[in-house]
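Undergrad: The structure's right below; bear with me while I get my questions together.
The values are calculated or read from the model by the stated rules, or taken from the named source; none is laboratory data. Everything numeric here is computed off the predicted structure, so don't read it as measured data. Note that we place each Cβ from the backbone using ideal geometry, even for glycine, and neighbour counts take in every protein chain shown.
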Amino acid sequence: MNAWNSQFEKPSFGALIKGLNPEIQSFYQDFRLSMVEILNTKPKTEWMGATLGWSENIVPDEGGLIRSVHLVADPDNPRVEMALSKAFFEAHPPSSLPKLLYGGLSTATCIGHQAWCSWSLSSQDNAEAIKQVVELAHGGCPRD
């Protein structure tokens with residue numbers, strides 16, 4: 001059992017990324033730093049259940065159309081889970097977003113006024129495309 005899914009032992013960030021493929025660790029760390037910078041909020045490590053395990057969660061304090069970002073250091077599928085306001089998609093139709101994101105958008109689950117999207121952090125290109133969405137969603141539009 002690795003640190004990511006060991007429910008009763010809260011891991012450090014170092015322990016979480018140690019379980020990732022060494023090729024992914026670097027851009028995962030860079031992506032995390034980008035999220036902290038863009039959202040101006042430090043992540044909190046929380047147990048999110050069997051599916052998300054120990055995830056680093058970032059909840060912006062104000063503004064934008066982004067509700068939360070969950071950095072999931074799953075060794076088999078490192079990913080970003082994100083809750084976006086449905087109003088985000090009115091301002092930024094999926095066809096205007098990077099094509100690498102279509103998979104996560106097409107499988108998003110809508111609950112109330114938010115959509116839960118999930119994207120793999122399997123490459124630097126994916127990380128850059130996800131970062132674009134976060135920048136757009138946190139760009140100052142009021143929450144609904």
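Undergrad: I need a count of the residues in region 109-132 that are more than 17 Å from Tyr28 (Cβ to Cβ), surrounded by 18 or more Cβ atoms within 10 Å (Cβ to Cβ) and of a type in the set (A, V, I, L, M).
TA: Total meeting the criteria: 1.
Undergrad: Something else about it: Out of Ala91, Ala50, Ala73, I need the residue that is closer than 21 Å to Phe8 by Cα and touching a Leu at 6+ places or on another chain (Cβ under 9 Å). Which one?
TA: Just one listed residue meets the conditions, Ala73.
Undergrad: So, one more: When the residues of region 5-47 are narrowed to those that are of a type in the set (Gly, Ala, Ser) and part of a helix (DSSP H, G or I), which ends up nearest to Val59 (Cα to Cα)?
TA: Ser34
Undergrad: Scanning region 110-144 for residues that are at pLDDT 90 or above and β-branched (Val, Ile, Thr), which turns out farthest from Pro60 (Cα to Cα)?
TA: Checking each candidate, the answer is Ile130.
Undergrad: Could I ask something else about it? Any chance you could count how many residues in region 61-73 are farther than 16 Å from Trp116 by Cβ, in contact with a Ser or Thr (Cβ under 8 Å, 6 or more places away or on another chain) and not acidic (Asp, Glu)?
TA: Count: 1.
Undergrad: Okay, next question. Quick check on region 22-45: of everything there that is surrounded by 13 or more Cβ atoms within 10 Å (Cβ to Cβ) and over 22 Å from Val133 (Cβ atoms), which residue is modelled with the lowest pLDDT?
TA: Gln25
Undergrad: Still on this structure: Does region 46-56 contain any residue that is under 20 Å from His138 (Cα atoms), at pLDDT 95 or above and either surrounded by 14 or more Cβ atoms within 10 Å (Cβ to Cβ) or of a type in the set (Asp, Glu) (or both)?
TA: Yes, that holds for at least one residue.
Undergrad: Would you confirm whether any residue within region 13-21 is without any contact (Cβ under 8 Å) to a residue 40 or more places away in the chain, under 13 Å from the mean Cα position of the chain (by Cα) and buried (at least 17 other Cβ atoms within 10 Å of the Cβ)?
TA: Scanning region 13-21, I find no residue that is without any contact (Cβ under 8 Å) to a residue 40 or more places away in the chain, under 13 Å from the mean Cα position of the chain (by Cα) and buried (at least 17 other Cβ atoms within 10 Å of the Cβ), so the answer is no.
Yes or no, residue by residue, for (1) in contact (Cβ under 8 Å) with a residue 12 or more places away in the chain; (2) closer than 28 Å to Gln25 by Cβ; (3) in a strand (DSSP E or B); (4) among the polar types (S, T, N, Q):
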residue: Ser55; (1), (2), (3), (4): yes, yes, yes, yes
residue: Asp61; (1), (2), (3), (4): yes, no, no, no
residue: His70; (1), (2), (3), (4): yes, yes, yes, no
residue: Pro75; (1), (2), (3), (4): yes, yes, no, no
residue: Ala83; (1), (2), (3), (4): yes, yes, yes, no
residue: Ala87; (1), (2), (3), (4): yes, no, no, no
residue: Leu101; (1), (2), (3), (4): yes, yes, no, no
residue: Leu105; (1), (2), (3), (4): yes, yes, no, no
